[in-house]
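The values are calculated or read from the model by the stated rules, or taken from the named source; none is laboratory data. In this text the structure is predicted, and so the values were computed from the model without any measurement. Positions of Cβ are backbone-derived with ideal geometry, glycine not excepted, and every protein chain shown enters the neighbour counts.
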Amino acid sequence: MAQVPDASTVPVPDVSPEEEALLFGSQGQPTAPAGGANPFASPPATPAQAHASPAGSQVGGVQAGNGLGEGNFQAIFLEMLRQQSQANQQNQQLIAALMRRMDLEEKRRNEAEEKAAETARLVAEAAARAKTEDPFAAAPSTPSVPFAGATSSSSSVRSPLVQNRAEKYLPSLPMLEHQGMNKGRMREVETWHAYLETLSSWLALQDESFVRELQLCVKQKNEILQKDLADDVAARSAKLYYYLTQSLSRWERGQELLRSCSKRQSLSACGYEAVRTITQQYSIVSCMEAVYVREQCLKLATTCQHHRRPTDLIRHLEDEFSRAESKLGNFPELRLTEADRCSVLLQALSQELRQYVVLHGKSNDWTSLSESLRYYEEQLRLCEGPFSSSRQMSGKGDKLCDHCGRKGHLAKDCWSRQREAGEKGKKGDKGKKGDGKGAQNPKGKGKGKKKKKARV
């Protein structure tokens, strides 16, 4: 082990007091050593000092101290504690500020969600109320406020409908076929109801509320007063009145009814009342008319032979039944039952389809019968080719005419045979007329022969 040299033998450079002050400072400047003592040698430590400052290090056999007094060390330690305390306080304040901000943000978000939920609830209630309540019923004495933000003064002032930007892109206004309003009672009823359906579809492009309000206004028994309607309903009623004025311009009777309704309500634009009045005038009101409509529905099987596919036939009959039910609104006991509908559909089917339904399908009700026919059509589509005729759907593709030899019909339905029979009938009538004249006047022929003999 190497021996540690003695501190007294280590050479010490000559340093002036000024240089020493620059190196060590004035406070920590050591006192000049006496005599030839080593100025860098540490003084011998007392047992108390050695116990109090154990952090001294021994480098190269020289034990070096901290170079700081006990008071300075405590001051620095206290300063570090104070700074750390201030940093902790600042961190706590920053965390508290962030927590307050997060609480405010969460509160604002909760309020926005509650407000949106309340608005959605009010809108849903208003929509449900619009579907269930009758807009033409008598208004209560105190108007109800649909939304929380509405004021009582706004209910007393009527606001017009907001102009819809898409109105200029709508198709032209449907016009009433006025030629059909002078060709019999039933033709007038059918023409008016068909026009009302077309007008309702056209008005639905602007506002869906028109459809439901038109359905309700025709069922009202009492007069619909324009002044008692709600603001939005009254605005739509006025708009409907002006549409009717243009659409019924070529129908004099309709113009008279519009003017009559307007005069009864102090020249107000009462569109719903006009529709109600005209519908009452041109609806089935007698039992004989209702019976006639029912009989026409039962004879639909003879007028829909041109529908080849079963699905087309089903849609056609459903449409006709729906129109008949709308006409028979005042006579519910004369409406077609489900058995009547199934009977009409079975009569309209071809013989092959009818046999398939009877043997393999179900005809208990309209739904099961329709499903059986749709299944039959789907199976035929799987078997037919891409260029096959649609006559196979109706079961007429395998028929062969014995008269002309063509497929698709029988001899009893052959057009060629009917045309030939008509031509033969005309020729036979001409021959019979000639024979009849000769038979009625047989004496003329005898006289002529006798005259010829006399001349000879």
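Tell me which residues, restricted to the stretch 374-412, are at pLDDT 75 or above and closer than 21 Å to LEU345 by Cβ.
Result: ARG374, TYR375, TYR376, GLU377, GLU378, GLN379, LEU380, ARG381.
When you look at SER262, is it at pLDDT 90 or above and more than 15 Å from TYR195 (Cβ to Cβ), yes or no?
The answer is yes for SER262.
Just to be sure I understand, how many residues within the stretch 236-275 are assigned to a helix (DSSP H, G or I), closer than 23 Å to VAL189 by Cα and among the aliphatic types (A, V, I, L, M)?
6
Just checking, which of SER368, SER372, SER350 is among the small types (Gly, Ala, Ser) and either free of Cβ contacts under 8 Å to residues at least 12 places away in the same chain or out of contact with any helix residue (DSSP H, G or I) (no Cβ under 7 Å at 6 or more places or on another chain) (or both)?
Unique residue meeting the criteria: SER368.
Out of (1) in contact (Cβ under 8 Å) with a residue 40 or more places away in the chain; (2) of a type in the set (Ser, Thr, Tyr); (3) surrounded by fewer than 18 Cβ atoms within 10 Å (Cβ to Cβ), the odd one out for TYR282 is which?
Against the list (1) in contact (Cβ under 8 Å) with a residue 40 or more places away in the chain; (2) of a type in the set (Ser, Thr, Tyr); (3) surrounded by fewer than 18 Cβ atoms within 10 Å (Cβ to Cβ), TYR282 comes up short only on (3).
Is it the case that GLU188 is within 34 Å of the chain's Cα centre (by Cα) and at pLDDT 85 or above?
Judged against the criteria, GLU188 is not a match.
Testing HIS316 on (1) assigned to a helix (DSSP H, G or I); (2) surrounded by fewer than 16 Cβ atoms within 10 Å (Cβ to Cβ); (3) touching a His at 6+ places or on another chain (Cβ under 6 Å), one condition comes back false. Which one is that?
(2)
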